[in-house]
């Protein structure tokens, strides 16, 4: 059995490197998306088993409305509690209780998510192309086994990425104006202080 050409090792190593970069990009982008969502509610804590948000003074904001189309859920505190709270001036000027609008949007529901997924798919496609081109030139038994494993890894990953990408890319979405009317920021963020204090619409 013939040995492995150095070109084969380089090609396979680069293709697998592209595969690793694609996964790292996915993980990094997902984590960034999650942190951005949590930043909007800084100072508030979500209690999963009760399905409520807890404000900095311990008051619970109860679920009031769910919008499945826009992937948004509205939570509102009791008006009497908010109106008697010493932090009300820093939280909201609404007399109907502080409101939190939580997005249940998945990473792939967003334009940024689909953009990063597109980059990942291009990296995987490049890896597939490199593998096929070099396999056509170096194809003894051992090299073919290595190329087959590399190509299978790339294709399985690419199919999984592409399936969700195309599903989300052609999904029906609300307009930007519809979304902007419902998004709220945390009043505890200095950068979004003005938005957080705006009286929520019902």
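Could you order peptides 125-132, 90-97, 29-36 by the average number of other Cβ atoms within 10 Å of their residues, highest first? Before the final figure, lay out each step's value.
Working: 125-132: 18.2, 90-97: 16.6, 29-36: 13.9.
Result, highest mean first: 125-132, 90-97, 29-36.
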Problem - Gained length - residue 46 relative to residue 137, 0.36 nm times residue gap less alpha-carbon distance - result: 27.1 nm
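Multiply the residue gap between residue 34 and residue 57 by 0.36 nm, knock off their C-alpha separation, and tell me the result in nm, one decimal place.
Details: separation 23, 0.36 × 23 = 8.28 nm, distance 2.43 nm.
Difference between extended and current length: 5.9 nm.
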Practice task
Please arrange 103, 84, 13 by counting, for each residue, the other beta carbons lying within 10 Å of its beta carbon, fewest first.
Solution key: 84, 13, 103
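In which sequence would 67, 51 go, from the one with the fewest C-beta neighbours within 10 Å to the one with the most?
Values: 67 16, 51 12.
The order, fewest Cβ neighbours first, is 51, 67.
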Handout entry: Cα-projected label distance for residue 27 with residue 10, points at 7 Å along beta-carbon direction, nm
Key = 2.9
Exercise for the section: Would you order 53, 135 from fewest to most other beta-carbon atoms within 10 Å of each residue's own beta-carbon? Expected result: 135, 53
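Read-outs throughout are calculated quantities, based only on the coordinates presented, and are distinct from any laboratory measurement. All of these numbers come straight from a predicted model, not from anything done at the bench. Cβ: placed from backbone, ideal geometry, glycine included. Neighbour counts: every protein chain shown.
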